[in-house]
Amino acid sequence: MLGAIEAGGTKFVCAVGDERGNISERIEIPTTVPSETMAKVFAFFKRYDLEAMGVGSFGPIDVNQDSSTYGYITFTPKIAWRNFPLVQALKGVFPVPIGFNTDVNAAALAEATYGAAKGLDSCLYITVGTGVGAGAVVQGKLLQGWSHPEMGHILVKRHPQDEYPGRCPYHSDCLEGLAAGPAIEGRWNKKGIDLVDHPKVWDLEGYYLAQALMQYILILSPKRIILGGGVMNQKQIFSTIYQYLQDFLNDYVFLPELTEYIVSPGLGNDAGITGSLLLAHHAC
Ligand code: ADP
Ligand code: ZN
């Protein structure tokens, strides 16, 4: 039996299952403070005989195994979780191998194994939700350098008519600051879900996301790009992205048909938790 945690800023999804992504039981626990949330996480997993665990976590996190703070959530704006030793806390109760990576890297792994990029040895998984984050599989492995990539915080060229200052706490008008769900809400004073009939909103969203995708494509040349997260429920953003991307790239690189190249997650909302099961399996 494998244990999996998709640790998010709003909720922790905990599941037990196997490496084929079959989930036999799952629960959701609100992300409050570590003592409270972790007590419920321990209580859930204590009922099982676990071989290994996998954690796909919100971040930034320390994934450098040579670091003294490996396994920590590091600089999150969620103060109570800052410098929280997540892997160590789990190890204290469950002394099994624990795979640890970002939530988006876990999702990328799952999509490359069982989802929209199945059979491909590279893909990029991007979530556009409360924040913007991306994970990548490159030559069959999760992309990791000194730490994990932070592709949501790249700089983009501002739309000439966009005067919204941006709301990334670190960079103001980086991609996340201009294009995540809270930025849409801050700019238009309404939640994204209530702006469906305002094409300008989704045109601007596509404008920023297409710039980001252009840069990811030029740097990584992924074999498929998967766009998930709450904001991407607005499917009209896809066609806007295709148009802007074609404009920006101006035929400089050869790409497959964009409708098949830039797609929704094959695993839907289960990409993160399935990826966490895979992280557990890889840790064995
Ligand atoms: P999280 O990033 O916290 O895991 P989500 O991916 O659901 O969660 O993203 C939440 C963000 O997405 C919120 O800012 C919310 O307003 C926005 N969002 C959720 N559903 C929709 C929708 N159908 N249309 C537009 N925006 C949405
Ligand atoms: Zn930023």
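Evaluation of ILE126 against the conditions (1) away from ligand 2 (no atom under 16 Å from the Cβ); (2) at pLDDT 95 or above shows that the sole unmet condition is (1).
For region 166-191, residues that are near ligand 1 (Cβ under 9 Å from one of its atoms), closer than 18 Å to ALA212 by Cβ and either surrounded by fewer than 23 Cβ atoms within 10 Å (Cβ to Cβ) or in the same structural domain as PRO60 (by TED's automatic domain parsing) (or both) total 2. Screening the candidates LEU195, LEU218, LEU155, LEU175 for the property of being free of Cβ contacts under 8 Å to residues at least 40 places away in the same chain, within 12 Å of ligand 2 (Cβ to nearest atom) and of a type in the set (A, V, I, L, M) yields one hit, LEU155. Being out of contact with any helix residue (DSSP H, G or I) (no Cβ under 6 Å at 6 or more places or on another chain) and not β-branched (Val, Ile, Thr) is true of ASP194. Can you tell me which residue within region 126-141, out of those that are in a strand (DSSP E or B) and within 16 Å of ligand 1 (Cβ to nearest atom), is surrounded by the fewest Cβ atoms within 10 Å (Cβ to Cβ)? Checked region 126-141; the qualifying residue surrounded by the fewest Cβ atoms within 10 Å (Cβ to Cβ) is THR127. Determine whether region 146-156 contains at least one residue that is farther than 24 Å from SER67 by Cβ and assigned to a strand (DSSP E or B). Yes; the residues of region 146-156 include at least one that is farther than 24 Å from SER67 by Cβ and assigned to a strand (DSSP E or B).
Within region 247-261, does at least one residue satisfy the condition of being in the same structural domain as SER221 (by TED's automatic domain parsing), more than 27 Å from ILE193 (Cα to Cα) and either of a type in the set (S, T, N, Q) or under 15 Å from the mean Cα position of the chain (by Cα) (or both)? Within region 247-261, one or more residues are in the same structural domain as SER221 (by TED's automatic domain parsing), more than 27 Å from ILE193 (Cα to Cα) and either of a type in the set (S, T, N, Q) or under 15 Å from the mean Cα position of the chain (by Cα) (or both). Checking the conditions here, which among VAL87, VAL104, VAL96 is closer than 19 Å to SER221 by Cβ, buried (at least 16 other Cβ atoms within 10 Å of the Cβ) and β-branched (Val, Ile, Thr)? Within the list VAL87, VAL104, VAL96, the selection yields VAL104.
The values are calculated or read from the model by the stated rules, or taken from the named source; none is laboratory data. From a predicted model like this one, the values you see are computed outputs, not experimental measurements. As a convention, Cβ positions derive from the backbone with ideal geometry for all residues, glycine included, and neighbour counts pool all protein chains shown.
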